[in-house]
Ligand code: PLP
């Protein structure tokens, strides 16, 4: 790549047909082409982190080799290129989730930081002693711990929407929970531990009747289905780049302008101010009010490229493909016998959590790794979900559109070996 010429800041994505086959799409992911322990890699740990297609990798290389400089502060050409690309990335992610305005999209380091930003920016001014934050029983630790910290500091209470044995939220008593002390409802769109797709619209409708805002953790939804924050009725929606074929260290908090205007800044520093004197500071407009210091410029641009990539394939097509793979995985595991699956919600995304009686999930993970099959074993940062199910951990296979039938066959063959080794 030569950089002695005027580089366009527009994307350099090669022209690809949007209806190319899944096998062609799979080939666009260089990391999937390798062998692990002399077996072709079957990567089934997508809920932890997804892989990057060549287009996103190329976009990062292009940025680093021809556009890098700091944003929003230089008059020179590189700074303008970097600023344009960074601003365009914000437009891309806004359009990807159908946000009414890109100004409502704050770049964060990921879902965790997005939730912490709301816990500070909204929690400090709006939550007081005796108030309540409602979370669901299905949450990842990152949508529990920031609220526990806030409640402890403020003398507020944390209440939990329960779940049933299938991993579905029980909303029968939800309206009664929503009394005048409730200042926020926090719920994930899709559970990372069980794959449950929660009825977000129903939750936001019911909370809004009592004028209570809703924060939705979309970390496991945005990569797998079309997400329209306006149709969902969320007040806050957070997600991570690295779970949607983008880089690590970047994510998005989308929030309704009204809240962003009323919230306090999360961190102070450069870029988030209009003026600073010894007498005081005037904050910048949104989104910059919430982006103190030099942002993760490259990662944001990479995330924009990832949004483009997914959008080009089509999120509905991706959701259909993953639903097919989920059905196949579930059926094959059932047929194998001796596998106990957790999370049997009627609305489910491509997460299969399971155990085998008499075998620790870590042993399942290690034996599968020996056969080139990558899954996750543990509590999946959702210990309350494990406690509710009465288990310490599960093995979890999580799917992405670039997985194929062979990956599932390899998982099943690996589990067959596990059963043989342990004689179960
Ligand atoms: N929420 C859910 C549902 C998740 O699955 C995860 C990560 O696994 C997170 C939040 C935290 O995401 P991150 O570590 O990217 O901040």
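The values are calculated or read from the model by the stated rules, or taken from the named source; none is laboratory data. Remember, it's a predicted structure, so these values are computed and weren't measured experimentally. All Cβ positions, even for glycine, are placed from backbone atoms using ideal geometry, and neighbour counts span all protein chains on display.
From 328, 396, grab the single residue that is assigned to a strand (DSSP E or B) and either touching a residue at least 40 places away in the same chain (Cβ under 8 Å) or touching a strand residue (DSSP E or B) at 6+ places or on another chain (Cβ under 7 Å) (or both). So the residue among 328, 396 that is assigned to a strand (DSSP E or B) and either touching a residue at least 40 places away in the same chain (Cβ under 8 Å) or touching a strand residue (DSSP E or B) at 6+ places or on another chain (Cβ under 7 Å) (or both) is 396. For the stretch 181-203, the count of residues that are more than 18 Å from the chain's Cα centre (by Cα), away from the ligand (no atom under 16 Å from the Cβ) and in a helix (DSSP H, G or I) is at least one. Entry remark, the stretch 211-233: residues being away from the ligand (no atom under 11 Å from the Cβ) and either touching a helix residue (DSSP H, G or I) at 6+ places or on another chain (Cβ under 8 Å) or not in a loop (DSSP other than H, G, I, E, B) (or both) number 12 in total. Has the stretch 337-359 got any residue that is more than 21 Å from residue 238 (Cα to Cα) and either outside the structural domain of residue 412 (by TED's automatic domain parsing) or part of a helix (DSSP H, G or I) (or both)? No, that holds for no residue. Just one of (1) more than 15 Å from the ligand (Cβ to nearest atom); (2) touching a strand residue (DSSP E or B) at 6+ places or on another chain (Cβ under 8 Å); (3) over 17 Å from residue 237 (Cβ atoms) fails for residue 165. It is (2). Scanning for something within 16 Å of the ligand (Cβ to nearest atom) and within 25 Å of residue 316 (Cβ to Cβ), does the stretch 376-384 turn up at least one residue? Among the residues of the stretch 376-384, not one is within 16 Å of the ligand (Cβ to nearest atom) and within 25 Å of residue 316 (Cβ to Cβ), which makes the answer no.
The residue that is nearest to the ligand (Cβ to nearest atom), counting only those in the stretch 122-150 that are over 30 Å from residue 345 (Cβ atoms) and in a loop (DSSP other than H, G, I, E, B), is 127.
Among residues belonging to the stretch 100-109 that are under 19 Å from residue 309 (Cβ atoms) and surrounded by 21 or more Cβ atoms within 10 Å (Cβ to Cβ), point out the one that is nearest to the ligand (Cβ to nearest atom). So the residue we want is 107.
Quick check on my filter: what residues within the stretch 234-277 are within 16 Å of the ligand (Cβ to nearest atom) and in contact with a strand residue (DSSP E or B) (Cβ under 7 Å, 6 or more places away or on another chain)? Spell out how you get there, then give the answer.
Step one: filter the stretch 234-277 for residues within 16 Å of the ligand (Cβ to nearest atom), giving 234, 236-254, 266.
Matches in the stretch 234-277: 234, 236, 237, 238, 239, 240, 241, 250, 251, 252, 253, 254.
Checking each residue in the stretch 359-395 for being within 20 Å of residue 51 (Cβ to Cβ) and more than 24 Å from the chain's Cα centre (by Cα) picks out 368, 369, 371, 372. Annotation note: of 291, 324, the sole residue that is surrounded by fewer than 17 Cβ atoms within 10 Å (Cβ to Cβ) and under 22 Å from the mean Cα position of the chain (by Cα) is 324. Does the stretch 76-95 contain any residue that is surrounded by 15 or more Cβ atoms within 10 Å (Cβ to Cβ), in a loop (DSSP other than H, G, I, E, B) and more than 16 Å from the ligand (Cβ to nearest atom)? No, because not a single residue in the stretch 76-95 is surrounded by 15 or more Cβ atoms within 10 Å (Cβ to Cβ), in a loop (DSSP other than H, G, I, E, B) and more than 16 Å from the ligand (Cβ to nearest atom).
Here is a check on your reading of the model: is residue 119 in contact with a helix residue (DSSP H, G or I) (Cβ under 6 Å, 6 or more places away or on another chain), in the same structural domain as residue 145 (by TED's automatic domain parsing), within 16 Å of the ligand (Cβ to nearest atom) and in a helix (DSSP H, G or I)? Criteria met by residue 119.
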